[in-house]
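One structure is given below, encoded as structure tokens.
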Amino acid sequence: MSRDIAVEAAGLVKSFKETKALKGVSFQVPRGKVLGVLGPNGAGKTTAVRILATLLRPDAGRAIVAGYDVVRHPREVRKRVGLTGQYASVDEELTGRENLVMIGELLNMRVGTARARAAELLEWFDLTEAADRMAKTYSGGMRRRLDLAASLTGHPEIVFLDEPTTGLDPAKREDMWDVVRAIVANGTSVLLTTQYLEEADALADDIVVINHGEVIAHDTAETLKRVVGSQTLRVRPSEAEAADAVRGILASVATDGATVDEPRNGEFSVPVPNDSVLADVVGRLRAASVEVTELSLMLPSLDEVFFTLTGERNRTAPGASDSSDSSDSSEEVNA
């Protein structure tokens, strides 16, 4: 495996009785980058993460993490990775500080080193004031931050984030996104599974889409959007009297066979074939003396990409988990 690759999954297969959770999944996580893994409930995302984190053995295929085979050298892998699952796994009867110090000691840090690392992480995650309160008194967002802090205690090269913002409100999710960006800026590689499409769009350098245990797409978000559909040009004229002029201009640049959508809240939209039409439309609007309050050219949303690739809308409710979780927990790795 190239030194530029932090994680490599090659042909991973995993079954639970009659359920085939993974059917030959392959992907790579480049060093210092974020790979987003998307898929509907039960697609196999969590199963893949647990194999990579040495919590499950694959039935077939190979996984290399930080240069080590997860089956042959699980202890070496565990020294180099951090894992944050879908739900906070901190000990609620310990304080935030005690949780982090305990993790440090489990990682064979000296007590003084563990305490210093705990203090550093508590400050970084804005938990210093709550450091000596029991974790059970923490809000959901605070617990998620403490959980992520715990996964970073050992300075991992690679972090697996399995739906890290499950159950958080939008503001707290934005805070977690900032943390992810910060650890990547420090050189950490991240594999992120998420049910939130905008989360993958905001954080991931590349995106893998898994459905029914198989990888059905792997590319950047922008490329996936371009492959799935054309761009949409939107125009909102300042004056209602300009509606006919705007409709005519948009019709002249529309993708073959496309029609101008009826205006919503005064906004017209139409699919267009490429970026160059934007300058053309600006020129025509100016020539027709049409003033606008909004003019935008947009790629399809990642939600539309997801629907096109999987055939279903992302209907998973916040807090829902991969249906393979219950099966995964029944099997352990013999280190």
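The values are calculated or read from the model by the stated rules, or taken from the named source; none is laboratory data. Owing to the predicted nature of the structure, the values given are computational and were not obtained by experimental measurement. Neighbour counts run over all protein chains shown; Cβ positions are idealised from the backbone, glycine included. With ligands, DNA and RNA removed, areas are computed over all heavy atoms of the protein, side chains included. Shrake-Rupley method; radii C 1.70, N 1.55, O 1.52, S 1.80 Å.
Some notes on this structure:
- For the pair Ser26 and Trp177, a Förster radius of 35 Å applied to the C-beta separation gives a FRET efficiency near 0.80, rounded to the nearest 0.05.
- Theoretical gain in end-to-end length, Val111 to Asp126 [0.36 nm per residue, Cα-Cα removed]: 3.2 nm
- One decimal place: the segment Ala185-Arg75 gains 37.0 nm when fully extended, by the rule 0.36 nm per residue minus the C-alpha distance.
- Accessible area of Arg57 (1.4 Å probe, protein heavy atoms only, ligands and nucleic acids ignored): about 80 Å².
- Pairs of Lys residues in the chain are counted when their Cα atoms are under 23 angstrom apart and they lie 8 or more places apart or on different chains; the count is 12.
- With all protein chains modelled, accessible area of Thr194 [1.4 Å, Å²]: 0
- Placing +1 on the Cβ of every Lys and Arg and -1 on the Cβ of every Asp and Glu, with no other charges, gives the stretch 22-148 a dipole of roughly 660 debye about its Cα centre.
- Rounded FRET efficiency, nearest 0.05, which uses the C-beta distance separating Ser276 from Lys17 and R0 of 56 Å: 0.55
- Debye intensity ratio I(q)/I(0), log10, the chain, q values 0.09, 0.10 Å⁻¹ (C-alpha model): -0.58, -0.68
- Each residue of the stretch 136-149 was assigned a 3J(HN,Hα) from its phi angle through the Karplus curve 6.51 cos²θ - 1.76 cosθ + 1.60 (θ = phi - 60°); the sequence is 5, 8, 6, 6, x, x, 5, 5, 5, 5, 5, 5, 5, 4 Hz, with glycine and proline shown as x.
- Bins of 5 Å, starting at 0 and running to the largest distance - Cα pair percent for the stretch 81-231: 2, 9, 18, 20, 19, 12, 8, 6, 4, 2, 1, 0
- Distance-filtered residues of the stretch 268-308 - backbone nitrogen under 17 Å, label point 7 angstrom along Asp244 Cα→Cβ: 288-291
- Surface share of carbon and sulfur [accessible, 1.4 angstrom probe, percent] for the stretch 154-211: 46
- Gyration tensor verdict on the stretch 157-249 (Cα atoms; rounded if a/c is under 1.5, prolate if a/b is larger than b/c, oblate otherwise): prolate
- Per residue, the chain exposes 48 Å² of solvent-accessible protein surface, assessed with a 1.4 angstrom probe and all protein chains in place.
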